[in-house]
Every structure is written in structure tokens, then in C-alpha cells.
Amino acid sequence: MQAAKKEEIFPKDPNKTYSLMAIVDGDSFQVEKGPEDTVQSWPHLMVRELGLFLLVLAVILGVSLLFNAPLEEAANPQHSTNPAKAPWYFVGIQELVSYSALLGGIVTPALIVVSLLLLPYLDRNPKGTGVWFSRDRRVATILFTIFVVAMVILILIGQFLRGPNWHLYLPWSN
Amino acid sequence: MSESAYSIKESIMQLPRNIKASISRRGEGTAEQERAAAVFGNMFLHVHPVRVHVNSLRAGYTFGLGLISFYLFLILVASGLLLMFYYTPSTELAYRNMKDLEYVVTFGVILRNVHRWSAHAMVAFVFLHMCRVFYTGSYKAPREFNWVIGVFLLLVTLFLSFTGYLLPWDQLAFWAVTVGSNIASYMPVLGDYVRFLMLGGNEVGQMALLRFYVLHVVALPLLAATLLGVHFWRIRKDGGLSRPSND
Amino acid sequence: MSSENSTGATILPFRTTDEAVDEERRGFVKKMAVTALTLGVGGAAIQSARFFKPNVLYEPSKAFKVGDLSTFPIGSRIVIEGRGIEIVRERDGMHAISLVCTHLGCLIKPVENDPDIGYMCPCHGSTFAHKGEVQGGPAPKDLPWYEMYMDNTGALVVDTSKVNHKRTKLAV
């Protein structure tokens with residue numbers, strides 16, 4: 001058993017004298033503030049959560065009343081659609097696949113997943129937690145932004161700029 | 001023992017109050033204690049701490065992105081469960097079930113829309129949530145492992161969406177899955193085997209539809225729910241939502 | 001317990017070596033146990049995974065009749081619906097070419113009246129020459145030719161499980 005490290009939280013200043021002046025009956029200065037700037041989860045947090053749920057549900061219901069989910073004709077293994085597109089979140093990958101199936105379809109996604117998994121173990125810089133776009137981690141912010149922008153651009157190209165035979169075309173040209 | 005106080009008449013009179021008290025198990029306490037008991041005394045709310053840091057309530061910090069993803073998951077579970085009552089995972093019937101949902105089943109078309117749009121929204125919001133966690137540096141110690149779980153949740157979300165994509169058995173579904181499964185076959189060494197196992201055969205057919213259905217309605221949702229539980233649990237174990245260190 | 005040793009000077013080094021040996025043995029036993037458990041459970045898990053491999057496939061046979069010789073006049077290119085192949089008959093013979101894109105398995109469309117491009121994939125835009133060689137796009141391999149023969153009833157049979165690597169035409 002190691003003895004706990006003894007460290008005084010408020011070391012006494014030898015140049016000063018200390019004495020207990022008075023004990024007063026009453027509330028402390030922390031009344032209605034809570035320890036460490038906390039508030040009761042009920043109702044402060046949960047009312048907000050419930051409100052957000054109702055908002056999400058209302059938006060989804062509203063969208064569902066206005067727009068119908070796409071449904072094409074029944075599956076026919078004898079006729080491939082032209083162009084055959086993956087769901088939008090995979091269209092970026094499909095765009096890469098149209099350059100090279102191995103590099104775009106396997107290597108790039110695997111690299112993305114592995115680097116995402118390893119990210120917290122590689123970026124051990126303890127600064128900048130809890131602040132949006134902290135100045136202490138500008139490089140990380142820039143790198144991640146490049147990744148996000150690349151994904152979004154690939155998805156936009158695949159979704160809106162690829163026509164029959166996967167040729168590039170402009171959405172307003174017919 | 002005050003047996004004289006007991007009377008069946010009194011019990012019946014007190015019935016509603018006693019039932020309510022037995023459920024909530026609350027009573028005498030200060031307002032503060034009652035509010036705390038409302039959280040830790042409830043099985044569904046006790047994932048929350050009794051007190052939260054004011055920073056966690058700042059809407060401009062989290063934008064509620066993780067919570068929105070979770071709500072979409074709940075909506076997907078509920079609407080998916082209802083859709084299962086009218087869906088058969090068979091190449092003969094699947095597409096006809098879709099048409100039935102659209103034209104015959106009461107509220108069927110809205111239900112399918114809710115499921116489809118929530119699925120798209122969930123992929124988007126999980127991704128946005130990941131961006132928020134990155135830009136606020138919230139994956140740093142001691143929250144590294146929760147980020148890892150989050151990455152797996154993103155993958156499960158994508159797989160859930162992809163397996164669900166085949167189920168309507170329309171042209172969009174068939175060719176997207178044909179292309180997707182062929183991408184898997186480019187994997188070195190194991191590629192063709194993985195594709196064969198995924199489709200349960202050499203081509204996208206009845207076996208593939210059944211496999212995707214089982215993954216979509218049972219295996220992956222269970223995995224997602226389990227990972228979600230761990231994800232929430234770890235938020236508290238790792239010290240709540242991230243916040244600036246100098247507060 | 002060895003409590004016989006009484007002098008502190010001898011006990012200290014003796015104990016440490018004793019503990020070290022013990023630790024080593026414990027470590028070894030632990031490693032063995034973990035290895036045995038991993039091999040046992042892992043092996044069982046891998047064997048159980050065979051459950052997911054279907055042993056019987058209800059898929060169409062790989063070898064199938066495509067019709068009599070008279071259905072394929074000289075100079076014709078006829079797509080066999082549902083089989084993903086095209087029968088091409090030229091003056092010097094005929095061959096069966098795959099219409100499944102070597103890129104990602106989309107169904108390729110034959111291109112009519114083009115001297116260079118014979119086939120085009122609608123998914124990712126790969127193009128192939130009349131003999132199946134890759135002309136452009138992301139396709140990694142040429143379109144395979146399949147073995148073709150005439151059975152004893154005079155019907156032409158294509159076997160898609162056998163690739164005709166030499167690209168020999170069936171002389172008729």
C-alpha cells in the first residue's frame with residue numbers, strides 16, 4: 001500500500017494569521033446555483049428533451065405528409081436501370097468506384113473507418129476540448145474539414161451531375 | 001402493528017392513490033429531493049444524472065444532434081415494427097406489399113414515408129453529430145472509447161440503411177444492392193466468399209432478400225440498441241458532456 | 001510456507017526469486033489457458049459460421065440450352081434474356097460472351113452499329129470492344145467468353161461455369 005500523496009489544498013501563508021471569526025446560521029452563497037454550476041435534470045434538461053422530440057416527430061410527420069418515398073417498378077434482374085445509383089450516402093463511394101473499384105470501394109472506405117477509429121488515440125493533444133473550432137487544434141480542424149468537404153462534393157457530383165451511362169451532365173440540361 | 005387501522009373499505013377508497021404511490025414510490029421530501037427522485041427513481045430516465053452541468057443545456061453547443069439521431073432511431077423502430085405487419089420478405093410478394101402499403105393499408109403510405117425519411121435523416125444526423133464531436137474536440141481523453149463506439153454506431157446505421165434499401169424489391173433496390181455486393185467482392189482474398197455469404201448465393205435473389213430482412217429487422221437493430229446503451233452509459237462514466245476545461 | 005528461514009538478509013533475495021519464478025509460472029499457465037480458450041471458442045465459432053453458407057442453391061443451372069443453330073443466322077448478335085450472355089455468330093464461327101460487367105456486375109447493353117465499341121455498361125460507363133476487350137471506363141477485366149457446344153439433339157449449349165480463356169470460336 002502506497003501512502004496517499006499528501007498535498008495541502010490551501011497551504012498556509014506563514015506571513016498571515018488565521019482565526020475563525022464567526023459562525024452564521026443561514027444559506028450559503030451557492031443557493032439556487034448548485035455545486036459546480038449544475039442544475040436539476042428534472043425539469044431543466046428533460047423538458048428540453050421532450051420539446052426536441054416533439055419537434056423531430058412533427059418535422060418527420062410533416063415531411064411524410066408532403067413527400068412520398070420513391071418506389072420504382074418491380075425489380076427486374078434482366079434490365080439494369082441507367083444509371084444505377086446507390087443510396088445518396090453511398091453515392092460518394094460509388095463516384096470513387098467509378099474511377100477504381102478496389103481503391104474507391106474498398107481501400108478508401110477502409111482507410112476512412114480505420115482512421116476514424118484510431119483518431120482519439122493518435123490525436124492526444126489535450127487542448128481545445130469543449131470549444132467549437134478551438135484555436136489550439138487548427139490542423140485537426142482543417143484536416144477534418146477537408147474530409148467532410150470532399151465527401152459532400154463527391155456525393156453532390158454522384159447524386160446530381162451523373163446521368164445515363166454515368167456521364168457527367170448538368171442538372172438543368174436535358 | 002396497528003391491525004385495527006386496516007379495513008377493506010378503506011383499501012378500496014384509497015385504491016387509486018395507493019396504485020399511484022406504488023408506481024412512483026415517492027412521497028415526503030423537499031422539492032429538490034422530489035426532483036432528484038423523479039430522475040433516479042425512473043428506469044427510463046435514470047440514464048440521466050440527477051444534476052447536469054449548465055453547459056450541457058446550451059443548445060448552441062451540441063445542437064441536440066446526438067439526441068435527434070436517437071429520436072430518429074426510436075421513430076424508425078416504431079414505424080418499422082408497424083411496417084412488419086404488412087411485409088413479407090419474398091421476391092414474389094415484397095413489391096406487391098409495397099403497393100398495398102401505398103394504396104390499401106390505412107396510413108400505410110404515411111408509415112412508409114416516415115420510415116424512409118427518418119432513415120435518410122438518421123444517416124445525416126449521425127454524421128452531423130460526429131462532426132460536432134470532432135469540432136468541439138470531445139473525443140479526447142477520457143472520452144476516446146465513446147468515440148470508437150460512436151464510429152461503430154455510424155457503421156451500424158449505414159448497414160441498417162443499406163439492408164433496408166433492398167426490402168421494397170424495386171429496381172432501385174435490386175441494382176443498388178447488386179452494385180454494393182460486388183464492391184465487397186473486390187476485397188482481397190475473402191472478397192468472393194464475403195459476397196457469397198452476404199447474398200446466400202451467387203446472385204441477388206430470394207436468399208439475399210431473406211438475409212437482408214433478418215439483418216435489418218432483428219440483428220442490426222439489437223446491435224444498435226446495445227451500442228446505444230453503452231454509448232449513453234459511457235457519457236456519464238466519462239464525466240458527462242464535454243465542456244471547456246477552464247470554467 | 002517456508003518459515004524456516006530466519007535471517008532477514010537471506011530471506012529478502014530468496015523471496016524475490018521465489019516470487020519471480022511463481023509469477024513466470026502463473027504467466028505461463030495464464031497464457032496457455034487464454035490460448036486454449038481462444039483456439040477452442042474461436043475454432044468452434046469459425047466452424048459454426050459454416051451454417052451461414054447454403055449448401056443447396058435454388059439458382060438456374062449454369063449450363064443451359066440456347067436454341068437451335070437456325071435461330072442464330074450469320075452476322076447476328078442475340079441476347080439471351082435472363083442469362084446475361086449474348087450469342088454472336090460471324091462468318092467464321094460463333095461465341096457466347098458475358099454481358100455482366102466485370103466492374104460491378106451491372107448488365108451491359110450491346111451497342112449497335114459502332115465499329116469500335118461493342119458493349120457499354122450503364123452503371124459506371126465502362127466500354128468494351130466487340131470481342132470484349134476493355135476500351136474505357138473502370139472495368140478491370142475483359143468480358144469473358146463461355147464454353148459453347150452442340151449436344152446430341154443438335155441444340156446449342158452454353159456453360160457459364162467454364163470460361164473460354166483461349167477465345168476460340170465454335171466452328172459451325
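Considering only residues of segment C:128-167 that are exposed (fewer than 13 other Cβ atoms within 10 Å of the Cβ) and basic (Lys, Arg), which is nearest to C:Leu107 (Cα to Cα)?
C:Lys141
I'm trying to understand the selection: among the residues of segment C:1-59, which are more than 30 Å from B:Leu199 (Cβ to Cβ), among the polar types (S, T, N, Q) and modelled with pLDDT under 90?
Answer for segment C:1-59, where residues must be more than 30 Å from B:Leu199 (Cβ to Cβ), among the polar types (S, T, N, Q) and modelled with pLDDT under 90: C:Ser2, C:Ser3, C:Asn5, C:Ser6, C:Thr7, C:Thr10, C:Thr16, C:Thr17.
Look at A:Leu102 and say whether it is exposed (fewer than 15 other Cβ atoms within 10 Å of the Cβ), among the aliphatic types (A, V, I, L, M) and modelled with pLDDT under 85.
no
Identify the single condition in (1) in the same structural domain as A:Leu154 (by TED's automatic domain parsing); (2) touching a residue at least 24 places away in the same chain (Cβ under 8 Å) that A:Ile106 does not satisfy, given that it satisfies every other one.
Every listed condition holds for A:Ile106 apart from (2).
Could you identify the single residue in C:Gly125, C:Gly82 that is within 14 Å of chain A (Cβ to nearest Cβ), crowded, with 18+ Cβ neighbours inside 10 Å and without any contact (Cβ under 8 Å) to a residue 24 or more places away in the chain?
Result: C:Gly125 is the single residue among C:Gly125, C:Gly82 that is within 14 Å of chain A (Cβ to nearest Cβ), crowded, with 18+ Cβ neighbours inside 10 Å and without any contact (Cβ under 8 Å) to a residue 24 or more places away in the chain.
Sort out which residues of segment A:128-142 are closer than 15 Å to B:Phe134 by Cβ, out of contact with any Phe, Trp or Tyr (no Cβ under 7 Å at 6 or more places or on another chain) and either more than 10 Å from chain B (Cβ to nearest Cβ) or in a loop (DSSP other than H, G, I, E, B) (or both), and write them in order of number.
A:Gly128, A:Thr129, A:Gly130, A:Val131, A:Ser134, A:Arg138, A:Val139, A:Ile142
Here is a check on your reading of the model: is B:Ile68 touching a Leu at 6+ places or on another chain (Cβ under 9 Å), among the aliphatic types (A, V, I, L, M), within 14 Å of chain A (Cβ to nearest Cβ) and farther than 26 Å from B:Thr136 by Cα?
no
Results for (1) more than 7 Å from every other protein chain (Cβ to nearest Cβ); (2) more than 30 Å from B:Arg58 (Cα to Cα); (3) modelled with pLDDT under 95; (4) more than 17 Å from the chain's Cα centre (by Cα), shown as yes or no for each residue.
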{"position": "B:Met122", "(1), (2), (3), (4)": "yes, no, no, no"}
{"position": "B:Lys140", "(1), (2), (3), (4)": "no, no, yes, yes"}
{"position": "B:Val156", "(1), (2), (3), (4)": "yes, no, no, no"}
{"position": "B:Leu166", "(1), (2), (3), (4)": "yes, yes, yes, yes"}
{"position": "B:Leu172", "(1), (2), (3), (4)": "no, yes, yes, yes"}
{"position": "B:Asn182", "(1), (2), (3), (4)": "no, yes, yes, yes"}
{"position": "B:Tyr186", "(1), (2), (3), (4)": "no, yes, yes, yes"}
{"position": "B:Met198", "(1), (2), (3), (4)": "yes, yes, yes, yes"}
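Go through the residues of segment A:86-102 one by one and say whether even a single one is at the interface with chain B (Cβ under 7 Å from one of its Cβ atoms) and part of a loop (DSSP other than H, G, I, E, B).
yes
How many residues, within segment C:26-77, are within 14 Å of another protein chain (Cβ to nearest Cβ), within 26 Å of C:Leu99 (Cβ to Cβ) and not small (Gly, Ala, Ser)?
Residues flagged as within 14 Å of another protein chain (Cβ to nearest Cβ), within 26 Å of C:Leu99 (Cβ to Cβ) and not small (Gly, Ala, Ser) within segment C:26-77 amount to 6.
Pick from B:Phe73, B:Phe44: which is surrounded by fewer than 18 Cβ atoms within 10 Å (Cβ to Cβ) and at negative phi?
Answer to the check: B:Phe44.
Inside segment B:1-75, counting only helices (runs of 4 or more DSSP H) that do not spill past its ends, which hold 3 or more residues that are out of contact with any helix residue (DSSP H, G or I) (no Cβ under 7 Å at 6 or more places or on another chain)?
B:8-13, B:15-24, B:31-40
The values are calculated or read from the model by the stated rules, or taken from the named source; none is laboratory data. Predicted model only: the values in this text are computed from it and were never measured. We place every Cβ from the backbone using ideal geometry, glycine too, and count neighbours over all the protein chains shown.
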